[in-house]
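For reference, the structure is listed below as structure tokens.
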Amino acid sequence: MRIGVLTSGGDSPGMNAAIRSVVKASIARGHAVVGIRNGYEGLLAADMVELQLNDVDGISRFGGTMLGSARSLYFPTPEGQADARRRVKEAGLDGLVVIGGNGSLAGAHALSDGRPCQVVGLPASIDNDIGHSRLCIGVDTAVNTIVEACDRISDTARAHRRAFVVEVMGRHSGYLAMRAGIAADADAILYAEEGLDEETLVQRLRKLLQQSFSDARDKKRVLIVKAEGVTVPTARIVERLAKFLETDAPGVGIRETILGHVVRGGSPSAMDRLIAQRLALGAVLGLEAGVHDAMLAWEPSEGVGAATRDPSVAIVPLAEVLAETQRMLDGTSASTKARVALLQAYGSLLAL
Ligand code: F6P
């Protein structure tokens, strides 16, 4: 087979490991691999290069993506997709592996229509917002990065007896804040899925600060981890809490840190490299077996998707992945409800 591979949308640590595994598995099994630069933009521009083993040797340890990535505005249009199908045929591709997040996988599903070649997707997004994959490529590294940053912030917070609000990425998903917040000993975790209005949120945090910095409790630092998806601006929360602190706990300060794209870079964790490589091997084996318009998922719920030789990897039709992703976005997904329930159950421990 002639197998194309591209990375698309926001990059995530582990994308290089996935590319490497696609190349190695393909070459080992007698296929040719074509790397497509800059996501669907590169497909439309026929910006492609045949990849050899040495091109990918040792790249798993690097963040970002060696192929480059982009969020194409033209590709999602009907004309863009017709052009992309034409490009796939011109390039003589039998299979295409799309590594990316929600938008990229929606693109893969649209491109599958008419079967210009077999199309399979791999879930890669630090936000962990892709349906039916317990973890996406990049999440574990992002969580570790946040925890490390929060630990550093906690050191300086403790030295000055301060509160910090640390904002982390996650446009439509509070998963990073939830998972990293627990691991970093946060005193509160703010995520949009809880649906709090500004007043309730600020009053809840005021109470937390009052208790934490009271003479009885005498805490030295308070760490509040906030997901980007909470629409109240971090600066406004901090400003309002600073006013309350003037009377509630004179002398105690509060600061904000927005981690932003720091969270998306860096050397992928062993876990992300492992997930990426196993999903990518599944993609190549799947293409050989005729799989089309599907995603390789990491540990989906029992009964979801077709089994592969790898007990943690399953093949789920892209239509099902996208439908579940939509349910995660609107809060009706069982997995989102379980995340929120866990956080609420854990919530009483956070502020102790
Ligand atoms: O890839 C997902 C994500 O990192 C979100 O968490 C974040 O909101 C967004 O991408 C940022 O996108 P950009 O890199 O285009 O600013």
*For segment 195-207, in order, what is each residue's ³J(HN,Hα) by Karplus, 6.51 cos²θ - 1.76 cosθ + 1.60 with θ = phi - 60°, in whole Hz (x at glycine and Pro)?*
x, 7, 7, 4, 5, 4, 4, 5, 5, 5, 5, 4, 4
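How large is the direction-averaged shadow of the alpha-carbon convex hull of segment 109-148, in nm²? It would help to have the intermediate numbers written out before the result.
Details: hull surface 13.6 nm².
Convex hull of Cα atoms, orientation-averaged projection: 3.4 nm².
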*Calculate how steeply helix 334-350 sits against the longest principal axis of the alpha-carbon atoms of the chain, using the helix alpha-carbon long axis, and give the answer as 0 to 90 degrees to the nearest 10.*
30 degrees
_What does DSSP give for the chain in terms of the percent of beta bridges that are antiparallel, rounded to the nearest 5?_
25 percent
_Amide proton proximity set for residue 226, modelled H, under 5 Å, gap of 5+_ = 166, 167, 168, 190
*From the cross-link list 220/337; 24/226; 219/337; 220/243, which pairs have alpha carbons spaced over 30 Å apart?*
220/337; 24/226; 219/337
*Among the trypsin sites (Lys or Arg not before Pro) in segment 65-128, which ones are in a DSSP loop with at most 15 other Cβ atoms within 10 Å of the Cβ? Mind listing them?*
none
*Which trypsin sites (Lys or Arg not before Pro) does segment 253-352 hold that lie in a coil by DSSP with at most 15 other beta carbons within 10 Å?*
309
*asked:* Quick check: with the 1.4 Å probe, what order do 248, 155, 218, 129 take by accessible area, largest first?
replied: 155, 218, 248, 129
_Relative contact order of segment 140-265, please, whole-number percent, based on alpha carbon pairs below 8 angstrom and at least 6 residues apart._
40 percent
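Can you give the local net charge around residue 286? Use residues other than it whose beta-carbon is closer than 14 angstrom to its beta-carbon, Lys and Arg +1, Asp and Glu -1.
Working: positive: 29, 278, 309; negative: 94, 288, 293, 310.
That sum, taken over residues with Cβ under 14 Å, equals -1.
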_Of the candidates 266, 39, 131, which one comes out as most mobile in a Gaussian network treatment of the chain with C-alpha springs shorter than 10 Å?_
266
*Considering only 295, 178, 15, give the residue with the highest GNM mean-square fluctuation for the chain, with springs between Cα atoms whenever their separation is below 10 Å.*
178
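Given a Förster distance of 51 angstrom, what is the FRET efficiency for residue 258 paired with residue 292, based on the Cβ-Cβ distance and rounded to 0.05? Don't jump to the answer; show the numbers that get you there.
Numbers: r = 41 Å, r/R0 = 0.81.
For residue 258 and residue 292, the calculated efficiency is 0.80.
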*Give me the distance in nm between label points sitting 7 Å out from Cα along the Cα-to-Cβ direction at residue 346 and residue 204, one decimal.*
1.5 nm
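Explain nothing, just the number: relative contact order of segment 187-251, from Cα pairs under 8 Å at least 6 residues apart, as a whole percent.
Values: 46 pairs, mean separation 30.5, N = 65.
Answer for segment 187-251 is 47 percent.
Tell me the GluC sites (Glu not before Pro) within segment 289-330 that lie in a loop according to DSSP and have at most 13 other beta-carbon atoms within 10 Å. If you can, show how the numbers build up before the last one.
On the way: sites: 302, 320, 324; in loops: 302.
Passing both the DSSP loop test and the Cβ count: 302.
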*asked:* If you split all Cα-Cα distances of the chain into 10 Å bins from zero, what percentages do you get per bin, shortest first?
replied: 6, 25, 29, 19, 13, 6, 2, 0
*Phi to ³J(HN,Hα) by Karplus 6.51 cos²θ - 1.76 cosθ + 1.60 over segment 249-261, Hz, x for Gly, Pro*: 8, x, x, 8, x, 9, 9, 10, 9, 9, 6, x, 6
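Once every DSSP H run of n ≥ 4 in the chain is given -39500 (n - 2.57) and the sum is divided by its residues, what mean residue ellipticity at 222 nm do you get, rounded to the nearest 500 deg cm²/dmol? It would help to have the intermediate numbers written out before the result.
Numbers: 11 runs with 154 residues, N = 352.
Calculated at 222 nm, the ellipticity per residue is -14000 deg cm²/dmol.
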*Using a Gaussian network for the chain with springs between C-alpha atoms less than 10 Å apart, which of these wobbles most: 16, 54, 38?*
54
_How much length would be gained if the chain were fully extended between residue 159 and residue 74, taking 0.36 nm per residue of separation minus their Cα-Cα distance, in nm to one decimal?_
25.5 nm
*3J(HN,Hα) from dihedral phi, segment 211-228, Karplus parametrisation 6.51/-1.76/1.60, rounded to Hz, x for glycine, proline*: 5, 5, 9, 5, 4, 5, 8, 6, 6, 9, 8, 10, 10, 10, 9, 10, 6, 3
*Nearest-ten-degree value, helix 318-330 long axis tilted from longest Cα axis of the chain*: 20 degrees
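The values are calculated or read from the model by the stated rules, or taken from the named source; none is laboratory data. Please read all numbers here as calculations on a predicted model, not as lab measurements. Methodologically, a virtual Cβ is constructed for each residue, glycine included, from the backbone with ideal geometry; neighbour enumeration extends over all protein chains shown. Side chains are part of the model used for accessible areas, which takes the heavy atoms of the whole protein and leaves out ligands, DNA and RNA. Shrake-Rupley method; radii C 1.70, N 1.55, O 1.52, S 1.80 Å.
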